[in-house]
Amino acid sequence: MVFFPGIGKIAYEGPESKNPLAFKHYNPSETVMGKTMEEHLRFAVAYWHTFKGDGSDPFGDKNMIRPWDKYKGMDLAKARVEAAFEFFEKLDVPFFCFHDRDIAPEGDNLIETNQNLDKIVAMIKDYMRTSKVKLLWNTSNLFTHPRYVHGAATSCNADVFAYGAAQVKKSLEIAVELGAENYVFWGGREGYETLLNTDMKFELDNLARFLRMAVDYAKEIGFKGQFLIEPKPKEPTKHQYDFDAATTIAFLQTYGLKDYFKLNIEANHATLAGHTFQHELRVASIHGMLGSIDANQGDLMLGWDTDEFPTDLYVTTLAMYEILKAGGFTTGGINFDAKVRRGSFEPEDLFYAHIIGMDSYAKGLKVAAKLIEDRVIDEIIEERYSSYKSGIGLEIVNGEANFHTLEEYALQNPVIMNSSGKQERIKALINQYLFG
Ligand code: XLS
Ligand code: CA
Ligand code: CA
(Lines give C-alpha, C1' and ligand atoms only; values in the text may rest on other atoms or scores of the structure.)
(Ligands and ions follow the chains in the order given, each with its own letter.)
Protein backbone atom coordinates (compact mmCIF):
# COMPACT_ATOMS: atom_id res chain seq x y z
CA MET A 1 0.00 0.00 0.00
CA VAL A 2 1.09 3.59 -0.68
CA PHE A 3 0.71 5.73 2.44
CA PHE A 4 1.80 9.07 1.01
CA PRO A 5 0.15 9.16 -2.45
CA GLY A 6 0.87 12.18 -4.58
CA ILE A 7 4.24 12.83 -2.97
CA GLY A 8 7.36 11.87 -4.92
CA LYS A 9 11.01 11.95 -3.98
CA ILE A 10 11.93 15.27 -2.36
CA ALA A 11 14.64 16.89 -4.47
CA TYR A 12 17.01 19.81 -4.01
CA GLU A 13 15.76 22.77 -6.05
CA GLY A 14 17.82 25.59 -4.54
CA PRO A 15 17.03 28.72 -2.48
CA GLU A 16 14.82 30.30 -5.14
CA SER A 17 12.42 27.36 -5.45
CA LYS A 18 8.77 28.01 -4.58
CA ASN A 19 7.97 24.29 -4.33
CA PRO A 20 7.11 23.48 -0.69
CA LEU A 21 8.01 19.83 -1.31
CA ALA A 22 11.62 20.55 -2.29
CA PHE A 23 14.85 21.27 -0.42
CA LYS A 24 16.12 24.84 -0.66
CA HIS A 25 19.46 24.26 1.08
CA TYR A 26 19.91 20.54 1.71
CA ASN A 27 21.73 19.28 -1.34
CA PRO A 28 22.95 15.82 -0.27
CA SER A 29 25.81 15.58 -2.76
CA GLU A 30 27.13 19.15 -2.34
CA THR A 31 30.58 19.24 -0.75
CA VAL A 32 31.26 21.40 2.28
CA MET A 33 34.71 21.31 3.92
CA GLY A 34 35.69 18.09 2.17
CA LYS A 35 32.56 16.04 2.88
CA THR A 36 29.12 15.89 1.27
CA MET A 37 26.18 17.36 3.13
CA GLU A 38 24.75 13.88 3.47
CA GLU A 39 27.94 12.68 5.18
CA HIS A 40 28.11 15.71 7.46
CA LEU A 41 24.52 15.86 8.60
CA ARG A 42 23.54 12.20 8.85
CA PHE A 43 19.82 12.97 9.24
CA ALA A 44 17.54 10.53 11.02
CA VAL A 45 13.75 10.31 11.33
CA ALA A 46 12.40 9.55 14.82
CA TYR A 47 9.92 6.68 14.62
CA TRP A 48 8.00 7.70 17.73
CA HIS A 49 6.90 11.20 16.76
CA THR A 50 6.50 10.60 13.03
CA PHE A 51 4.79 7.21 12.95
CA LYS A 52 3.28 7.00 16.44
CA GLY A 53 2.55 10.61 17.35
CA ASP A 54 -1.23 11.02 17.38
CA GLY A 55 -1.54 14.69 18.33
CA SER A 56 -3.15 14.04 21.71
CA ASP A 57 -2.34 16.36 24.59
CA PRO A 58 -3.67 16.64 28.16
CA PHE A 59 -6.66 18.59 26.79
CA GLY A 60 -7.45 16.82 23.56
CA ASP A 61 -7.87 13.42 21.96
CA LYS A 62 -5.75 12.17 19.12
CA ASN A 63 -6.39 14.06 15.89
CA MET A 64 -3.63 13.19 13.40
CA ILE A 65 -4.75 11.80 10.04
CA ARG A 66 -2.51 8.77 9.58
CA PRO A 67 -3.50 6.29 6.83
CA TRP A 68 -1.96 3.37 8.76
CA ASP A 69 -4.29 3.96 11.72
CA LYS A 70 -7.01 1.80 10.15
CA TYR A 71 -5.00 -1.24 11.30
CA LYS A 72 -4.75 -2.67 14.83
CA GLY A 73 -2.17 -4.56 16.89
CA MET A 74 0.59 -6.29 14.95
CA ASP A 75 -1.03 -5.30 11.63
CA LEU A 76 -0.66 -1.68 12.66
CA ALA A 77 2.99 -2.28 13.60
CA LYS A 78 3.61 -3.80 10.16
CA ALA A 79 1.78 -0.98 8.37
CA ARG A 80 3.94 1.52 10.24
CA VAL A 81 7.11 -0.19 8.96
CA GLU A 82 5.80 0.08 5.40
CA ALA A 83 4.86 3.72 5.87
CA ALA A 84 8.21 4.45 7.52
CA PHE A 85 10.30 3.06 4.68
CA GLU A 86 8.16 4.84 2.10
CA PHE A 87 8.73 8.08 4.05
CA PHE A 88 12.52 7.51 4.43
CA GLU A 89 12.91 6.85 0.70
CA LYS A 90 10.81 9.83 -0.37
CA LEU A 91 12.61 12.18 2.02
CA ASP A 92 15.96 10.61 1.13
CA VAL A 93 17.17 10.42 4.75
CA PRO A 94 20.03 8.03 5.51
CA PHE A 95 18.97 7.03 9.06
CA PHE A 96 16.13 6.37 11.49
CA CYS A 97 15.81 5.83 15.27
CA PHE A 98 13.28 3.99 17.44
CA HIS A 99 12.35 2.80 20.93
CA ASP A 100 11.55 -0.91 21.24
CA ARG A 101 7.90 -0.12 22.02
CA ASP A 102 7.56 2.17 19.00
CA ILE A 103 8.01 -0.66 16.55
CA ALA A 104 6.02 -3.47 18.21
CA PRO A 105 3.27 -3.62 20.86
CA GLU A 106 3.74 -5.33 24.23
CA GLY A 107 2.20 -8.80 24.47
CA ASP A 108 0.67 -10.41 27.56
CA ASN A 109 4.10 -11.24 28.95
CA LEU A 110 7.77 -10.61 28.17
CA ILE A 111 8.04 -13.73 25.98
CA GLU A 112 5.15 -12.57 23.78
CA THR A 113 6.48 -9.02 23.73
CA ASN A 114 9.86 -10.25 22.51
CA GLN A 115 8.18 -12.44 19.89
CA ASN A 116 6.33 -9.39 18.59
CA LEU A 117 9.63 -7.55 18.41
CA ASP A 118 11.31 -10.42 16.57
CA LYS A 119 8.64 -10.36 13.85
CA ILE A 120 8.92 -6.62 13.27
CA VAL A 121 12.71 -6.59 13.47
CA ALA A 122 12.83 -9.29 10.78
CA MET A 123 10.55 -7.16 8.61
CA ILE A 124 12.68 -4.04 9.18
CA LYS A 125 15.82 -6.02 8.38
CA ASP A 126 14.27 -7.10 5.11
CA TYR A 127 13.48 -3.51 4.17
CA MET A 128 16.99 -2.43 5.14
CA ARG A 129 18.48 -4.95 2.73
CA THR A 130 17.02 -3.14 -0.28
CA SER A 131 17.12 0.39 1.07
CA LYS A 132 20.10 2.60 1.90
CA VAL A 133 18.51 3.61 5.23
CA LYS A 134 20.46 2.59 8.32
CA LEU A 135 19.70 2.57 12.02
CA LEU A 136 21.35 5.55 13.72
CA TRP A 137 20.26 4.32 17.14
CA ASN A 138 17.68 2.36 19.02
CA THR A 139 16.72 2.54 22.66
CA SER A 140 14.39 0.98 25.22
CA ASN A 141 11.24 2.66 26.41
CA LEU A 142 11.60 2.30 30.19
CA PHE A 143 9.05 4.96 31.09
CA THR A 144 5.59 4.49 29.49
CA HIS A 145 4.40 1.28 31.12
CA PRO A 146 2.96 1.66 34.67
CA ARG A 147 5.62 -0.75 36.00
CA TYR A 148 8.12 2.10 35.55
CA VAL A 149 6.17 4.48 37.79
CA HIS A 150 9.19 4.86 40.11
CA GLY A 151 11.82 4.62 37.38
CA ALA A 152 13.64 1.62 35.91
CA ALA A 153 17.32 1.35 36.91
CA THR A 154 16.59 3.77 39.76
CA SER A 155 13.31 2.18 40.83
CA CYS A 156 12.89 1.34 44.52
CA ASN A 157 11.62 -2.07 43.33
CA ALA A 158 14.28 -4.65 42.36
CA ASP A 159 11.76 -6.53 40.17
CA VAL A 160 11.46 -3.42 38.01
CA PHE A 161 15.26 -3.11 37.79
CA ALA A 162 15.34 -6.71 36.54
CA TYR A 163 12.55 -6.12 34.00
CA GLY A 164 14.28 -3.02 32.67
CA ALA A 165 17.52 -4.97 32.32
CA ALA A 166 15.73 -7.71 30.37
CA GLN A 167 14.29 -5.06 28.08
CA VAL A 168 17.67 -3.41 27.42
CA LYS A 169 19.25 -6.85 26.88
CA LYS A 170 16.73 -7.48 24.09
CA SER A 171 17.27 -4.01 22.63
CA LEU A 172 21.03 -4.56 22.47
CA GLU A 173 20.44 -7.81 20.60
CA ILE A 174 18.25 -5.86 18.17
CA ALA A 175 21.00 -3.24 17.85
CA VAL A 176 23.41 -5.97 16.75
CA GLU A 177 20.84 -7.56 14.44
CA LEU A 178 20.10 -4.28 12.64
CA GLY A 179 23.63 -2.88 12.78
CA ALA A 180 22.76 0.17 14.91
CA GLU A 181 25.55 2.74 14.93
CA ASN A 182 24.69 3.81 18.49
CA TYR A 183 22.51 2.82 21.41
CA VAL A 184 20.85 5.56 23.48
CA PHE A 185 20.03 5.68 27.19
CA TRP A 186 17.59 8.41 28.03
CA GLY A 187 16.67 8.20 31.71
CA GLY A 188 12.92 8.41 31.18
CA ARG A 189 11.88 8.26 34.84
CA GLU A 190 15.37 8.00 36.32
CA GLY A 191 14.95 10.83 38.79
CA TYR A 192 12.78 11.67 41.76
CA GLU A 193 9.95 13.81 43.05
CA THR A 194 10.84 14.17 46.73
CA LEU A 195 13.79 13.24 48.95
CA LEU A 196 11.29 12.40 51.70
CA ASN A 197 10.97 8.92 50.16
CA THR A 198 14.17 8.70 48.08
CA ASP A 199 17.65 7.31 48.75
CA MET A 200 19.46 9.34 46.13
CA LYS A 201 22.89 7.76 46.62
CA PHE A 202 21.45 4.25 46.37
CA GLU A 203 19.52 5.13 43.21
CA LEU A 204 22.62 6.60 41.56
CA ASP A 205 24.66 3.52 42.55
CA ASN A 206 21.98 1.36 40.93
CA LEU A 207 21.96 3.45 37.77
CA ALA A 208 25.72 2.90 37.51
CA ARG A 209 25.27 -0.85 38.15
CA PHE A 210 22.69 -1.01 35.36
CA LEU A 211 24.91 0.83 32.87
CA ARG A 212 27.90 -1.35 33.79
CA MET A 213 25.83 -4.47 33.07
CA ALA A 214 24.82 -3.00 29.70
CA VAL A 215 28.50 -2.35 28.87
CA ASP A 216 29.35 -5.95 29.81
CA TYR A 217 26.50 -7.43 27.79
CA ALA A 218 27.31 -5.30 24.73
CA LYS A 219 30.85 -6.65 24.85
CA GLU A 220 29.57 -10.21 25.28
CA ILE A 221 27.38 -10.08 22.16
CA GLY A 222 29.81 -8.03 20.08
CA PHE A 223 27.84 -4.80 19.83
CA LYS A 224 30.30 -2.38 18.22
CA GLY A 225 28.11 0.75 18.28
CA GLN A 226 28.60 3.74 20.53
CA PHE A 227 26.69 4.04 23.84
CA LEU A 228 25.09 7.45 24.27
CA ILE A 229 23.41 9.08 27.27
CA GLU A 230 20.86 11.81 26.63
CA PRO A 231 20.64 14.43 29.38
CA LYS A 232 17.36 16.12 30.35
CA PRO A 233 16.78 18.22 33.46
CA LYS A 234 13.12 17.50 34.22
CA GLU A 235 9.98 15.92 32.79
CA PRO A 236 8.68 13.42 33.57
CA THR A 237 10.33 13.58 37.02
CA LYS A 238 10.99 16.85 38.83
CA HIS A 239 14.70 16.08 39.23
CA GLN A 240 16.09 13.94 36.41
CA TYR A 241 19.46 12.45 37.37
CA ASP A 242 21.06 13.18 33.96
CA PHE A 243 20.21 16.87 34.38
CA ASP A 244 22.59 18.25 31.75
CA ALA A 245 25.89 17.44 30.02
CA ALA A 246 28.07 18.48 32.97
CA THR A 247 26.03 16.47 35.50
CA THR A 248 26.04 13.40 33.27
CA ILE A 249 29.79 13.59 32.67
CA ALA A 250 30.45 13.95 36.41
CA PHE A 251 28.26 10.92 37.10
CA LEU A 252 30.06 8.80 34.49
CA GLN A 253 33.44 9.92 35.83
CA THR A 254 32.49 9.17 39.43
CA TYR A 255 31.49 5.61 38.55
CA GLY A 256 34.39 4.88 36.20
CA LEU A 257 32.09 4.65 33.17
CA LYS A 258 33.26 7.66 31.17
CA ASP A 259 35.21 5.74 28.53
CA TYR A 260 32.16 3.73 27.47
CA PHE A 261 29.77 6.59 26.78
CA LYS A 262 29.32 9.75 24.78
CA LEU A 263 26.37 12.15 24.90
CA ASN A 264 23.30 12.61 22.76
CA ILE A 265 22.50 16.30 23.20
CA GLU A 266 18.94 17.44 22.58
CA ALA A 267 18.30 21.12 21.83
CA ASN A 268 15.03 21.34 23.77
CA HIS A 269 16.55 19.59 26.80
CA ALA A 270 19.38 22.13 26.81
CA THR A 271 16.99 25.06 27.02
CA LEU A 272 14.88 23.28 29.65
CA ALA A 273 18.09 23.06 31.71
CA GLY A 274 18.54 26.82 31.38
CA HIS A 275 21.39 26.46 28.88
CA THR A 276 21.75 27.22 25.22
CA PHE A 277 22.08 24.25 22.86
CA GLN A 278 25.54 25.56 22.01
CA HIS A 279 26.55 25.47 25.69
CA GLU A 280 25.58 21.80 26.04
CA LEU A 281 27.38 20.91 22.81
CA ARG A 282 30.51 22.74 23.97
CA VAL A 283 30.51 21.01 27.37
CA ALA A 284 30.23 17.61 25.67
CA SER A 285 32.84 18.55 23.10
CA ILE A 286 35.55 19.78 25.50
CA HIS A 287 35.28 16.43 27.29
CA GLY A 288 35.57 14.52 24.01
CA MET A 289 32.01 13.26 24.51
CA LEU A 290 29.96 14.86 21.76
CA GLY A 291 28.31 11.84 20.18
CA SER A 292 25.05 12.74 18.47
CA ILE A 293 22.22 15.27 18.58
CA ASP A 294 18.46 15.29 18.86
CA ALA A 295 17.44 18.21 16.69
CA ASN A 296 14.38 20.16 17.72
CA GLN A 297 13.57 23.39 19.48
CA GLY A 298 11.57 24.45 22.51
CA ASP A 299 9.38 27.45 23.01
CA LEU A 300 10.90 29.79 25.56
CA MET A 301 7.42 30.99 26.51
CA LEU A 302 6.40 27.46 27.46
CA GLY A 303 8.12 25.59 30.27
CA TRP A 304 7.97 22.11 28.81
CA ASP A 305 9.51 19.89 26.17
CA THR A 306 7.61 21.04 23.08
CA ASP A 307 9.85 19.15 20.61
CA GLU A 308 9.20 21.51 17.70
CA PHE A 309 10.97 21.04 14.39
CA PRO A 310 14.12 23.19 14.27
CA THR A 311 13.68 26.40 12.30
CA ASP A 312 15.94 28.87 14.12
CA LEU A 313 18.93 29.44 11.82
CA TYR A 314 20.99 31.15 14.50
CA VAL A 315 20.74 28.04 16.68
CA THR A 316 21.37 25.56 13.85
CA THR A 317 24.39 27.59 12.70
CA LEU A 318 25.97 27.68 16.15
CA ALA A 319 25.16 23.98 16.68
CA MET A 320 26.86 23.07 13.39
CA TYR A 321 29.77 25.29 14.39
CA GLU A 322 30.27 23.21 17.55
CA ILE A 323 29.89 19.94 15.65
CA LEU A 324 32.38 20.91 12.92
CA LYS A 325 34.84 22.23 15.50
CA ALA A 326 34.57 18.91 17.34
CA GLY A 327 35.62 17.16 14.11
CA GLY A 328 32.12 16.32 12.85
CA PHE A 329 30.01 13.27 13.58
CA THR A 330 31.57 9.81 13.60
CA THR A 331 28.82 7.38 14.60
CA GLY A 332 26.36 10.15 15.52
CA GLY A 333 23.98 12.21 13.45
CA ILE A 334 21.04 14.60 13.53
CA ASN A 335 17.91 12.89 14.74
CA PHE A 336 14.67 14.83 14.39
CA ASP A 337 13.21 14.18 17.81
CA ALA A 338 10.47 16.59 16.83
CA LYS A 339 6.74 16.52 16.28
CA VAL A 340 4.37 18.45 14.08
CA ARG A 341 2.01 20.74 15.99
CA ARG A 342 -1.46 19.44 16.86
CA GLY A 343 -2.90 21.81 14.27
CA SER A 344 -0.70 20.30 11.55
CA PHE A 345 -2.53 17.02 11.32
CA GLU A 346 -2.35 16.07 7.64
CA PRO A 347 0.17 13.44 6.45
CA GLU A 348 1.85 15.99 4.16
CA ASP A 349 2.77 18.11 7.20
CA LEU A 350 5.29 15.40 8.14
CA PHE A 351 7.17 16.21 4.93
CA TYR A 352 7.01 19.99 5.37
CA ALA A 353 8.31 19.61 8.93
CA HIS A 354 11.28 17.45 7.99
CA ILE A 355 12.10 19.62 4.98
CA ILE A 356 12.34 22.81 7.09
CA GLY A 357 14.37 20.91 9.70
CA MET A 358 16.80 19.54 7.12
CA ASP A 359 17.09 22.88 5.33
CA SER A 360 17.70 24.70 8.61
CA TYR A 361 20.60 22.39 9.45
CA ALA A 362 21.95 22.48 5.89
CA LYS A 363 22.00 26.29 5.94
CA GLY A 364 23.55 26.15 9.42
CA LEU A 365 26.26 23.82 8.10
CA LYS A 366 27.11 26.10 5.19
CA VAL A 367 27.31 29.24 7.36
CA ALA A 368 29.28 27.47 10.11
CA ALA A 369 31.76 26.14 7.54
CA LYS A 370 32.34 29.67 6.21
CA LEU A 371 32.81 31.03 9.72
CA ILE A 372 35.45 28.36 10.29
CA GLU A 373 37.16 28.75 6.91
CA ASP A 374 37.41 32.52 7.41
CA ARG A 375 38.54 31.98 11.04
CA VAL A 376 35.99 34.63 12.13
CA ILE A 377 35.44 33.39 15.68
CA ASP A 378 38.92 31.83 16.00
CA GLU A 379 40.56 35.19 15.42
CA ILE A 380 38.32 36.93 17.92
CA ILE A 381 39.09 34.30 20.58
CA GLU A 382 42.83 34.28 19.86
CA GLU A 383 42.97 38.05 20.18
CA ARG A 384 40.85 38.04 23.34
CA TYR A 385 43.21 35.66 25.20
CA SER A 386 46.42 37.00 23.71
CA SER A 387 47.71 38.19 27.11
CA TYR A 388 48.51 34.52 27.81
CA LYS A 389 50.79 34.24 24.77
CA SER A 390 53.75 36.08 26.30
CA GLY A 391 55.09 37.60 29.51
CA ILE A 392 53.31 36.84 32.76
CA GLY A 393 50.41 35.14 30.94
CA LEU A 394 52.73 32.62 29.32
CA GLU A 395 54.38 31.99 32.71
CA ILE A 396 50.93 31.19 34.18
CA VAL A 397 50.10 28.79 31.37
CA ASN A 398 53.52 27.11 31.49
CA GLY A 399 53.27 26.51 35.23
CA GLU A 400 56.19 28.87 35.92
CA ALA A 401 54.17 31.31 38.02
CA ASN A 402 53.09 31.07 41.65
CA PHE A 403 51.40 33.40 44.13
CA HIS A 404 54.74 35.00 45.05
CA THR A 405 55.74 35.87 41.48
CA LEU A 406 52.19 36.96 40.65
CA GLU A 407 52.06 39.29 43.67
CA GLU A 408 55.41 40.76 42.67
CA TYR A 409 54.09 41.32 39.13
CA ALA A 410 50.81 42.86 40.34
CA LEU A 411 52.68 45.27 42.62
CA GLN A 412 54.73 46.56 39.69
CA ASN A 413 51.73 46.75 37.38
CA PRO A 414 49.13 48.94 39.12
CA VAL A 415 47.21 50.06 36.02
CA ILE A 416 45.22 47.25 34.42
CA MET A 417 43.79 47.75 30.94
CA ASN A 418 40.84 45.63 29.73
CA SER A 419 39.45 45.46 26.18
CA SER A 420 35.83 45.37 25.08
CA GLY A 421 34.23 41.94 24.53
CA LYS A 422 32.50 43.41 21.41
CA GLN A 423 29.53 41.06 21.57
CA GLU A 424 27.32 43.25 19.40
CA ARG A 425 30.05 43.66 16.77
CA ILE A 426 30.52 39.87 16.68
CA LYS A 427 26.79 39.22 16.31
CA ALA A 428 26.69 41.70 13.43
CA LEU A 429 29.46 39.69 11.76
CA ILE A 430 27.54 36.44 12.19
CA ASN A 431 24.43 38.08 10.74
CA GLN A 432 26.49 39.12 7.71
CA TYR A 433 27.44 35.47 7.18
CA LEU A 434 23.87 34.28 7.72
CA PHE A 435 22.33 36.72 5.27
CA GLY A 436 25.30 37.05 2.91
C1 XLS B 1 12.27 12.55 25.74
C2 XLS B 1 13.45 12.11 25.03
C3 XLS B 1 13.32 10.75 24.34
C4 XLS B 1 14.68 10.20 23.97
C5 XLS B 1 14.66 8.75 23.62
O6 XLS B 1 12.16 13.70 26.14
O7 XLS B 1 13.81 13.12 24.14
O8 XLS B 1 12.49 10.84 23.25
O9 XLS B 1 15.26 10.90 22.92
O10 XLS B 1 14.12 7.98 24.63
CA1 CA C 1 15.42 13.12 22.63
CA1 CA D 1 12.46 15.89 24.08
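The values are calculated or read from the model by the stated rules, or taken from the named source; none is laboratory data. What you see is a predicted model, and the numbers here were worked out from it, not measured in a lab. We place every Cβ from the backbone using ideal geometry, glycine too, and count neighbours over all the protein chains shown. Just so you know, the surface numbers come from the protein's heavy atoms only, side chains and all, with ligands and any DNA or RNA stripped out. Shrake-Rupley method; radii C 1.70, N 1.55, O 1.52, S 1.80 Å.
Tabulated data for the structure shown
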read-out: Count of the stretch 328-342 residues which are open to solvent by less than 60 Å² (accessible area, probe 1.4 Å) and either in contact with a His (Cβ under 8 Å, 6 or more places away or on another chain) or part of a loop (DSSP other than H, G, I, E, B) (or both); value: 9
read-out: Members of the stretch 220-241 that are under 23 Å from Gln297 (Cβ atoms) and either free of Cβ contacts under 8 Å to residues at least 24 places away in the same chain or open to solvent by less than 20 Å² (accessible area, probe 1.4 Å) (or both); value: Leu228, Ile229, Glu230, Pro231, Lys232, Pro233, Thr237, Gln240
read-out: Qualifying residue in the stretch 249-261 (condition: within 16 Å of ligand 3 (Cβ to nearest atom), out of contact with any helix residue (DSSP H, G or I) (no Cβ under 7 Å at 6 or more places or on another chain) and not aromatic (Phe, Trp, Tyr)); value: no
read-out: Residue in the stretch 82-92 that is more than 23 Å from Ala175 (Cα to Cα), loosely packed, with under 13 Cβ neighbours inside 10 Å and over 21 Å from the mean Cα position of the chain (by Cα) present; value: no
read-out: Residue check, Tyr163 aromatic (Phe, Trp, Tyr), under 22 Å from Val184 (Cα atoms) and part of a helix (DSSP H, G or I); value: yes
read-out: Residue list for the stretch 166-178, restricted to those being out of contact with any strand residue (DSSP E or B) (no Cβ under 9 Å at 6 or more places or on another chain) and surrounded by 19 or more Cβ atoms within 10 Å (Cβ to Cβ); value: Gln167
read-out: Considering residues of the stretch 13-65 that are in a loop (DSSP other than H, G, I, E, B) and among the acidic types (Asp, Glu) only, the residue farthest from Ala326 (Cα to Cα); value: Asp61
read-out: Selected residue (criterion: farthest from the chain's Cα centre (by Cα)) from residues of the stretch 255-268 that are touching a residue at least 40 places away in the same chain (Cβ under 8 Å) and away from ligand 2 (no atom under 14 Å from the Cβ); value: Tyr255
read-out: Tyr314, sole failed condition from (1) touching a strand residue (DSSP E or B) at 6+ places or on another chain (Cβ under 9 Å); (2) open to solvent by 10 Å² or more (accessible area, probe 1.4 Å); (3) under 18 Å from Ala369 (Cβ atoms); value: (1)
read-out: Selection from the stretch 33-61 of residues that are within 15 Å of ligand 1 (Cβ to nearest atom) and open to solvent by less than 10 Å² (accessible area, probe 1.4 Å); value: Ala44, Val45, Ala46, Tyr47, Thr50, Phe51
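Residue-wise test of (1) surrounded by fewer than 17 Cβ atoms within 10 Å (Cβ to Cβ); (2) within 16 Å of ligand 2 (Cβ to nearest atom).
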residue	(1), (2)
Ser292	no, yes
Leu300	yes, no
Lys366	no, no
Lys370	yes, no
